[in-house]
Amino acid sequence: MSKPSPSERAFVPFVSVDNMMQLVHSIGIEETLKGLATYLEEDFRRWECFDKTPRVASHTDVGVIELMPASDGDAYAFKYVNGHPKNTKEGLQTVTAFGLIADQYTGYPVLLTEMTLLTALRTAATSAMVAQYLAPKGAKTMAMIGNGAQSEFQAIAMKVLCGIDTLRLYDIDSSATEKVVRNLTDQGFVLTPCRSAEEAIEGAQIVTTCTADKQCATILTDNMVGSGIHINAIGGDCPGKTELHRDILLRSDVFVEYPPQTRIEGEIQQMPGDFAVTEIWEVIAGKKPGRTGDRQITLFDGVGFAIEDFSALRFIRDKVRETAFFQYLDMLADPDDPRDLFGMLQRAR
Ligand code: NAD
């Protein structure tokens, strides 16, 4: 982004939901996912440069609201996101989000954006980027368990980045599965709706669990999981909200984003505090091995970490100014004399 003039600094580019949809279509959904994966990979490689903190969460019986900050010293970003599994029954989204990226030198925001769509895109790009390192080579079939808002994004990212062309779909609500079949027809997949999670994982080399339920659920039991597969478990992302039986964790090599957050929120909350995990950035940076054998079960216990939102915001910041798909928000006070804030208020009478 070019250096803003002093007056431009007071007006913050804002990407609405409508702007985001136009921006994504102008780039193309598949190209957007590839672009996000490139930015994510770059940031995972320089993981140690970041100021990191587990997200700040406010829990109630029905859901959670979280703030997710990260900084690389030049830019600071945060996302506001909720998770309310009961919302869909009330006609509302389980997950909504918006976020901001700022210039660390001035402290001024440089972009405010919707992040409900962007979260689905960044989560899918993260899952698929990680699967490039962990999934068995030549994987073609993915079981997609939980067919809600995130699911089509997950499927397309796995197709574009990992070569998945066959989807076995299961949701406790068959209308969700019907929606995915409708949305993904003519998108280059063989689509098989299934009547149970057991049926869905038959023959799958990648299993994605992306369900929403505010409880410790058992979407997969140990006897369902054969050797050699990659599990992309992204629905369990809160204390008291998991998807896998703990015995699966004992048989798997578990890869996580940021252990201090995942030990509280991820599948590994079921395990002792010293349960062995590998930080996925170390695999991406070439410091640790990922998949090492044909019979190994790899498990990405993905809860969503602030650096992923930082990467997504960085991507949108870089793309948006090349387009007209943003508006300016009069968000920052900009008195002619920076110390005369009161005078500016008085003159506005
Ligand atoms: P959603 O409410 O739109 O969809 C969830 C689906 O799961 C629904 O269709 C529901 O019927 C289904 N489901 C619930 N229990 C099930 C079960 N036992 N078996 C099969 N299906 C079941 O939610 P969403 O926006 O798609 O998000 C899904 C989950 O992913 C949420 O828990 C959300 O918090 C999480 N999430 C994680 C990340 C991350 O970075 N890890 C990012 C976004 C969302």
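General remarks:
- Of all residues in the range 234-245, none are away from the ligand (no atom under 16 Å from the Cβ) and modelled with pLDDT of 95 or more.
- Qualifying residue in the range 284-305 (condition: modelled with pLDDT of 95 or more, in contact with a strand residue (DSSP E or B) (Cβ under 9 Å, 6 or more places away or on another chain), within 30 Å of residue 82 (Cβ to Cβ) and part of a helix (DSSP H, G or I)): no
- Number of the exception - residue 147 against (1) near the ligand (Cβ under 10 Å from one of its atoms); (2) within 29 Å of residue 324 (Cα to Cα): (2)
- Residue pairs whose Cβ atoms lie under 6 Å apart, sitting 6 or more positions apart in sequence or on different chains, and linking a residue in the range 197-213 that is over 19 Å from residue 237 (Cα atoms) to a partner that is of a type in the set (Ser, Thr, Tyr) and surrounded by fewer than 23 Cβ atoms within 10 Å (Cβ to Cβ), are 203/141; 204/141; 205/141.
- Being under 26 Å from residue 263 (Cβ atoms) and touching a residue at least 60 places away in the same chain (Cβ under 8 Å) is a description that applies to residue 63.
Condition check ((1) modelled with pLDDT of 95 or more; (2) of a type in the set (A, V, I, L, M)) across all residues:
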| site | (1), (2) |
| --- | --- |
| 7 | no, no |
| 32 | yes, no |
| 36 | yes, yes |
| 43 | yes, no |
| 56 | yes, yes |
| 61 | no, no |
| 79 | yes, no |
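- Restricting the range 275-312 to residues that are surrounded by 18 or more Cβ atoms within 10 Å (Cβ to Cβ) and among the acidic types (Asp, Glu), the residue that is nearest to the ligand (Cβ to nearest atom): 308
- Inter-residue pairs, beta-carbon under 7 Å, first under 13 Å from residue 310 (Cα atoms) and within 11 Å of the ligand (Cβ to nearest atom) and in the range 112-126, second small (Gly, Ala, Ser) and outside any helix (DSSP H, G or I), 6+ apart: 115/97; 115/99; 119/97; 123/304; 126/302
- Any hit, the range 164-174, residues being within 16 Å of the ligand (Cβ to nearest atom), over 24 Å from residue 289 (Cβ atoms) and among the aromatic types (Phe, Trp, Tyr): yes
- The listed residues are 137, 159, and the only one of them that is away from the ligand (no atom under 16 Å from the Cβ), closer than 26 Å to residue 244 by Cβ and crowded, with 20+ Cβ neighbours inside 10 Å turns out to be 159.
- The residues of the range 320-349 that are assigned to a loop (DSSP other than H, G, I, E, B) and among the hydrophobic types (A, V, I, L, M, F, W, C), listed by number, are 324, 325, 326, 331, 332, 333, 348.
- Which listed residue is surrounded by fewer than 17 Cβ atoms within 10 Å (Cβ to Cβ) and within 29 Å of residue 227 (Cβ to Cβ), from 215, 205, 187: 215
- Strands (runs of 3 or more DSSP E) within the range 223-262 that include 1 or more residues of a type outside the set (Val, Ile, Thr) and free of Cβ contacts under 8 Å to residues at least 60 places away in the same chain: 242-244, 252-256
- Any hit, the range 182-193, residues being without any contact (Cβ under 8 Å) to a residue 12 or more places away in the chain and polar (S, T, N, Q): yes
- Residue 118 falls short on exactly one of the conditions (1) among the aliphatic types (A, V, I, L, M); (2) buried (at least 20 other Cβ atoms within 10 Å of the Cβ); (3) not in a helix (DSSP H, G or I), and that condition is (3).
- Members of the range 126-162 that are of a type in the set (Phe, Trp, Tyr) and within 22 Å of residue 296 (Cβ to Cβ): 133
- In the set (1) farther than 24 Å from residue 30 by Cβ; (2) touching a Ser or Thr at 6+ places or on another chain (Cβ under 8 Å), the condition left unmet by residue 153 is number (1).
The values are calculated or read from the model by the stated rules, or taken from the named source; none is laboratory data. The structure displayed is predicted, hence computed values, not measured ones. Because the Cβ atoms are built from the backbone with ideal geometry, glycine has one as well, and the counts that use them run over all protein chains shown.
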